[in-house]
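The values are calculated or read from the model by the stated rules, or taken from the named source; none is laboratory data. Remember, it's a predicted structure, so these values are computed and weren't measured experimentally. Here the Cβ positions follow ideal geometry from the backbone for every residue, glycine too, while neighbour counts run over all protein chains shown. Keep in mind that these areas ignore ligands, DNA and RNA; they rest on the heavy atoms of the full protein, side chains included. Shrake-Rupley method; radii C 1.70, N 1.55, O 1.52, S 1.80 Å.
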Amino acid sequence: MKKVLVVEDDPNISQLIQIHLKDLGYQIQVSNNGRLGYELASSGLFDLIILDIMLPEMDGISICQKLRALDNFTPILMITAKSEEIDKVMGLESGADDYITKPFKIREFIARVKAIMRRQDQFVFLRNKNEDAVKFENLEIDEKRRKVLLNQKRIDLTPKEFDLLMLLARSPGRSYSRSELLELIWGYDFSGYEHTVNAHINRLRSKIEIDANNPNFILTTWGIGYRFNDEW
């Protein structure tokens, strides 16, 4: 049974979420306090964390950042009453997997939860099916440990940077459009948010390429998007 942690201080919303997720067969635990929610989330016992941004004692952005700093990569769906673009970007940049704004339609909410769970199951399948590590020249990517080595030196990546690198490296030569990368890494079509992909690619290149302006690993497919170099 999938276990879901709901960190939400609005009792009406948390109750609504509980009802519908229990109908899906999930086991639900609820916290209405940010600090307690963080303690529960850091246990690593959950398959999904549904996290409000505005919380007492500790806000959702801080919780997400602290979890990712602990290498806790439990999927996170952020919910908030705010609708400004900067809040969405902050949520995603802090390591959240998806984002939904209150008030939301329950069908959309359920669809996003199912999409996150489906992607997580796919990642587990691929991790079990494939070798844990892939290596290209002086770059080594260990998927199981979520560790990247360049010339035997560890490179620190954010969760999304790692997921993006792993996706591209698993299929060298395949070109992904920005919209495809948004769908696969962030979970759904972020219309108008292609700059998020560009920003992550630029940061990745600055970390793993000798010359980010003349990349050796992550290449641009002009008019389409990006691909991982397959000429080894």
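General remarks:
- At a probe radius of 1.4 angstrom, the accessible area of the chain per residue rounds to 51 square angstrom.
- If the segment from Asp23 to Asp9 were pulled out straight at 0.36 nm per residue, it would be longer than the present Cα-Cα gap by 2.9 nm.
- As computed over the range 1-53, the Cα convex hull volume per residue (Å³): 59
- Equivalent ellipsoid dimensions for the chain as semi-axes, Å, which come from the Cα gyration tensor, largest first: 32, 18, 17
- Whole-number percent relative contact order across the chain, with pairs defined as alpha carbons under 8 Å at least 6 apart: 12
- Computed FRET value (nearest 0.05) for Asn32 with Asn198, which takes r as the C-beta separation and R₀ as 35 Å: 0.40
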